[in-house]
C-alpha cells in the first residue's frame, strides 16, 4: 500500500520516542510534527486529540509499559493504518449485546447481525481486544468469562462526515443555538440498528418457549450494550465487566462445586432449538421487506421493544400500544375523516382495532383485546378496584402484540394499496367477530 514517505518518516520518529513521563502525547514535538504533516497531506485539519487516539490504538511504544511493547504495530503497518484512517469514508460500527439468562441458543445469522454463544477468541475479535490492549495496556478483557453468555452482535456501516478532531470530540460540531432539551420521538433507548435486531428477535414466540411462564415470558434480558467501531480517531471504551451478568456456582457430576461460575439461564422447552432456527430462517427476509412498507410506518417495533424493556404495568401498556400502533388509524378517533357513508359508524375506536385484530389473526381474539383494553383504561383513568394482573393476562397481552406484529409482516408481502385501505379491509372482515 502506498503511504506518503513523509508520513512514514514522521511515524518512525514517533515510534522512536522514549517512554513519556510528564508530557501529553499530543504535545510532544514528534507528534506535533506528524500532525502538521497529516494536516498538509490529508487536508482534514489539526488532529490533536484524534491523532493521539489513533496513535494509542496503533500501539505507539512510548505509551506502553515495558512488558507490553510487543503489542505495538510495526511503524510501517501503523503508517498504513493511519493513512487508511484519514481516507476512510465509512466505519464499521459493532454493538455487542449480552443476552442475559438466554438458554443454549444455536448460533444464527440474520442480515448483519448474529446471535448465539461465541468462543473467547471470537469475542476477542468482536471486541477488537488487541486494540483495547494497546489503548489500555493495564486492562485485561475477561474473555473467558464473557464467553459463558449468549450474545447478540449487530454491525452497521456508518458514513464518515466530520474531520478527525470533530469525531474525537463531537461537542466541537454541536449547534448550541438549537433546543438542547428537545426530544426526538423516533429515537429508542438503543442504537437504531440494535432496536431493529431486537424487534426481529421479539417476533419469536418466547412466551410459548419459556418453561415457567410465571417467572416471566422473556427468554433473555439485555442489561447493557458495548459499542465500538474501527475509527482509530475515536478513543475506545472498555465493556462492562462480566460480573454485572448473572451467574451461579457450577457443579460437577457429583453435585460438588467446581469453583467456577456458569451463566444463569431461563430454561426453554425441549424443542425450542429447532423452532428457533426455523423462525430465523423463515422470517428474516420477510421482516426486512415488511419494514419498508406502509404497514410499518407507525412505531410498531418501537413499542414492542419498549414492552420488552419495561416492567410491571408499563409492560402491559406498551403491548397494548403496540397493537394500536399496528392496527389503529387517525379516523378511528376522528369521524369526519371516515368514508361517507361509513358502514361501521356505530363501532367505537376501540372496537375498530379489536375487529381488525380478529380479522388479522383469523381468530375471535378481539374479546381478549377488549378485556385487556378495559384493564388498561381502568388503570389510566384511576378507577378503583384494579386487581393484580394475572400471569395469564400478562402472557396474553404479550402474545397478542407479538402476533399482530408478526402477521403484519406476512401481510406486507402482498400489500398493494395504502395502509388505510388495508386496515379498512380488515375492519370489514373483522366486525362480524365483535361480541
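Points to keep in mind about this one:
- Gain upon complete extension [residue 90, residue 418; 0.36 nm per residue less C-alpha separation]: 114.5 nm
- Spin-label pair residue 389-residue 104: with each label point 7 Å from Cα along the Cα-Cβ axis, the two points sit 3.4 nm from one another.
- Contact order relative to length of region 5-87, as percent, for alpha carbon pairs under 8 angstrom and 6 or more apart: 37
- Between region 186-257 and region 19-74, the C-alpha centres lie 36 angstrom from each other.
- Taking the C-alpha atoms only, the angle from helix 192-201 to the longest principal axis of the chain is near 50 degrees.
- The chain: calculated mean residue ellipticity at 222 nm from DSSP helix runs of at least 4, using -39500 (n - 2.57): -13500 deg cm²/dmol
- Sorted by Cβ density within 10 Å, fewest first, the residues 33, 297: 297, 33
- With Rh defined as the Kirkwood radius, the inverse of the mean 1/r over Cα pairs, the Rg/Rh of the chain is 1.07.
- In the chain, the longest principal axis of the Cα atoms and the axis of helix 391-412 are about 80 degrees apart.
- For region 5-87, the convex hull spanned by the alpha carbon atoms encloses 78 Å³ per residue.
- Simple label model, 7 Å out from Cα along Cβ direction - residue 333 to residue 294, nm: 2.1
- Relative contact order for the chain: 16 percent, from Cα pairs under 8 Å spaced at least 6 residues apart, divided by residue count.
- Using the alpha-carbon positions of region 126-223, Rg (one decimal) and Dmax (whole number) come out as 19.3, 54 Å.
- Computed from the Cα positions only, the extents of region 194-288 along the three principal axes stand at 52, 37, 22 Å, in decreasing order.
- For region 382-435, the Kirkwood hydrodynamic radius from C-alpha pairs, put into Stokes-Einstein at 25 °C and a viscosity of 0.890 mPa s, yields a diffusion coefficient of 176 µm² per second.
- Against the empirical 2.2 N^0.38 Å (N residues), region 291-433 has a Cα radius of gyration ratio of 1.03.
- Efficiency of FRET between residue 1 and residue 40 - r from beta-carbon atoms, R0 25 angstrom, step 0.05: 0.80
- Kirkwood hydrodynamic radius over Cα pairs of region 48-139, then Stokes diffusion coefficient at 25 °C and 0.890 mPa s, in µm²/s: 158
- Extending 7 Å from the Cα toward the beta-carbon at both residue 346 and residue 425 defines two label points whose distance is 2.8 nm.
- In the chain, the longest principal axis of the Cα atoms and the axis of helix 75-87 are about 40 degrees apart.
Read-outs throughout are calculated quantities, based only on the coordinates presented, and are distinct from any laboratory measurement. The structure presented is a predicted model; accordingly, all values stated were derived computationally and were not measured. All Cβ positions, glycine included, derive from the backbone under ideal geometry; neighbour counts span all protein chains shown.
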